[in-house]
Amino acid sequence: MRLWFLIPLLLCLPTLIRSEDYSDVTIVVRGAETIASTSDEFICATIDWWPPEKCNYDQCPWGQASILNLDLNNPLLAKAIQAFSPLRIRLGGSLQDQVVYGTPNLGSPCTPFSKSSSGLFGFSQGCITMERWDAINKIFVDTGAVVTFGLNALQGRWQMGRGVWGGAWNSSNAREFMEYTVSMNYPIDSWEFGNELSGNGVGASVGAEQYGKDIIELKSIISQLYGNSRKPLVVAPGGFYDQKWYAQLLDISSPNVLDAMTHHIYNLGAGNDPQVANRILNPQYLSQSSDIFRDLQMTIRRHGPWSAPWVGEAGGAYNSGSRKVSNTFLNSFWYLDQLGQSAKYDTKVYCRQTLIGGNYGLLDTETFCLAVASAHGKGSNFLRHQRFFGGVALLMLNLNKNMGFMVSVRNDLNINFREMAGIKRDSSFVHGLKRTVSWVGSKASDGLEKREEYHLTPQDGNPFARTVLLNGAPLQLTEDGDIPSLPPVMVSVNSPIYVAPLSIAFVVFPDFEAEVYLDS
């Protein structure tokens with residue numbers, strides 16, 4: 001059974017009460033309007049191919065985090081994957097189109113990547129052995145991960161000019177790899193074709209017409225190999241959105257071939273850009289990403305309504321992320337804002353770069369402990385997967401460093417807008433909440449009906465902290481390495497919500513008279 005979650009439209013009415021440190025606002029939720037829906041595996045994280053020698057800005061943050069060398073036996077890795085329940089994992093990245101598969105007919109030694117000035121991105125061709133593929137699938141089967149695997153889409157082509165590759169895809173090695181995968185009953189959910197080859201490409205590009213023909217061949221291979229069993233999805237192109245190129249790809253590949261269109265987004269700039277932190281706290285800057293989500297949605301509707309939009313890779317800051325920002329509490333604002341924006345425009349899957357590796361990993365590369373941002377991903381996933389029939393979960397991000405917000409939430413199904421101008425707050429009650437912060441508000445609850453509140457703040461009020469507090473308590477793994485419990489604070493449903501400066505709040509209203517739809 002699939003639950004289609006309500007994505008509420010929020011309307012902020014004019015400020016009613018102001019003081020030097022908080023502002024009183026009302027949010028009206030259009031409870032009867034469903035804008036879009038996500039898939040059950042909306043939350044996704046990537047595992048990349050980068051070897052330890054991958055460096056940016058005089059730092060090499062990848063360590064042993066590659067598909068080829070990641071410690072698959074570390075118990076914290078399995079616990080982290082299971083905690084998301086389910087977590088989609090996308091295997092791919094920049095070196096994807098230089099990967100060959102160690103099948104019997106490969107015809108050359110199966111060796112890992114090495115530094116090479118003549119190779120794309122400074123590395124040689126690399127190979128994954130079938131023994132390594134077996135080990136990867138074992139942990140994914142054991143943890144219930146949903147797997148998207150990115151295939152090499154440059155195999156067989158040649159470089160025609162600067163960054164431009166031509167010729168048809170040689171599918172022989174990929175087909176043999178897929179045959180082996182089918183023979184072992186490994187449950188691959190989807191096969192992605194290529195990485196960042198769309199439009200002008202990154203390092204290499206392929207024309208949309210040839211790309212479309214190759215996707216038709218991939219679809220045919222999948223149909224032959226999987227027969228009458230459940231067939232994995234075909235997703236592509238895993239690149240940066242180019243309207244003309246994406247539209248042409250859909251036109252060429254024809255109906256019901258490409259199941260999902262993946263695109264990448266790194267909207268914060270380079271990892272060493274000193275403006276990364278400021279951009280995260282600039283709502284106008286963050287909102288610019290909506291243009292991409294909206295345009296892709298319209299391109300799919302016009303040229304291929306059988307396909308679905310996916311974010312196949314998003315890391316905020318590119319080139320391994322920002323070592324000063326990407327692994328701190330502050331980065332959570334960018335991440336959660338992107339989840340909300342993308343969902344609004346019907347994005348079915350959003351893959352965070354990365355599960356582990358670089359400066360933007362959800363897990364620490366050395367300790368495998370949850371980095372600060374992963375706690376937020378877990379919180380987001382937890383709330384999103386609650387089965388609130390008739391309920392609503394709201395995410396509120398306060399980007400203001402100095403001002404808090406006292407928020408009242410109303411349902412437009414039973415609101416009288418002419419009464420809004422008369423809404424007042426008891427100032428003593430408001431200031432009491434301000435002083436104590438809402439996670440202790442349950443002590444003063446005056447009604448039987450409750451809502452759940454999850455407030456996320458940085459340790460010591462430092463936005464660059466790597467420890468996050470949930471309702472005032474540090475989020476830390478248990479002694480056994482398990483995810484800690486994430487208890488909400490129960491608050492009277494009609495009391496205002498205080499959202500502190502530079503904080504994140506998830507608020508769940510268990511009964512909001514909002515429509516939800518079930519698809520069995």
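The values are calculated or read from the model by the stated rules, or taken from the named source; none is laboratory data. No experiment lies behind these values; they were computed from the predicted model shown. Cβ atoms come from the backbone with ideal geometry, glycine included; neighbour counts cover every protein chain shown. Note: areas computed on protein heavy atoms with side chains; ligands, DNA, RNA excluded. Shrake-Rupley method; radii C 1.70, N 1.55, O 1.52, S 1.80 Å.
Treating each Cα of segment 184-287 as one equal point scatterer and applying the Debye formula with no solvent, the log10 of I(q)/I(0) at q = 0.12, 0.13, 0.24 Å⁻¹ comes out as -0.52, -0.59, -1.20. Solvent-accessible area of segment 43-385 (1.4 angstrom probe, protein heavy atoms only): carbon and sulfur portion equals 50 percent. Of the whole protein surface, His264 contributes about 10 Å² of accessible area at a 1.4 Å probe radius.
Bridgeable aspartates and glutamates around Lys219 (alpha carbons under 17 Å apart, same-chain partners fewer than 8 residues away excluded): Glu176, Glu179, Asp189, Glu192, Glu209, Asp251, Asp259.
The modelled label-to-label distance between Leu477 and Asn282, using points 7 Å beyond Cα along the C-beta direction, is 3.7 nm.
Residue by residue, segment 103-117 carries 3J(HN,Hα) couplings of 8, x, 9, 4, x, 7, x, 8, 10, x, 5, 9, 4, 7, 5 Hz when phi is fed to the Karplus relation 6.51 cos²θ - 1.76 cosθ + 1.60 (θ = phi - 60°); x denotes Gly or Pro. Protein heavy-atom accessible surface, 1.4 Å probe, per residue over segment 43-385: 36 Å². Structural descriptor for segment 43-385: relative contact order 18 percent, calculated from alpha carbon pairs under 8 angstrom and at least 6 residues apart. Between Glu366 and Ser183, residue separation times 0.36 nm minus the direct Cα-Cα distance comes to 62.4 nm. Surface listing: Arg88, Arg30, Arg279 arranged by accessible area from highest to lowest gives Arg30, Arg279, Arg88, probe 1.4 Å.
Cross-link candidates for Lys115: which aspartates and glutamates have Cα within less than 12 Å, leaving aside residues fewer than 8 places away along the same chain? Partners found: Glu53.
Please report Rg over Rh for segment 43-385, where both radii come from the alpha carbon positions and Rh follows the Kirkwood definition.
Rg/Rh for segment 43-385 comes to 0.93.
Beyond 21 Å in Cα-Cα separation lie the following of the pairs Lys231/Lys344; Lys324/Lys401; Lys79/Lys138; Lys401/Lys450: Lys231/Lys344; Lys401/Lys450. In whole angstrom, segment 141-204 maps to an equivalent ellipsoid with semi-axes of 28, 15, 6, each derived as √(5λ) from the alpha carbon gyration tensor and ordered largest first.
Converting the Cα gyration tensor eigenvalues of segment 277-375 into ellipsoid dimensions via √(5λ) gives semi-axes, longest first, of 27, 16, 10 Å. Placing +1 on the Cβ of every Lys and Arg and -1 on the Cβ of every Asp and Glu, with nothing else charged, gives segment 43-385 a dipole about its Cα centre of roughly 520 debye.
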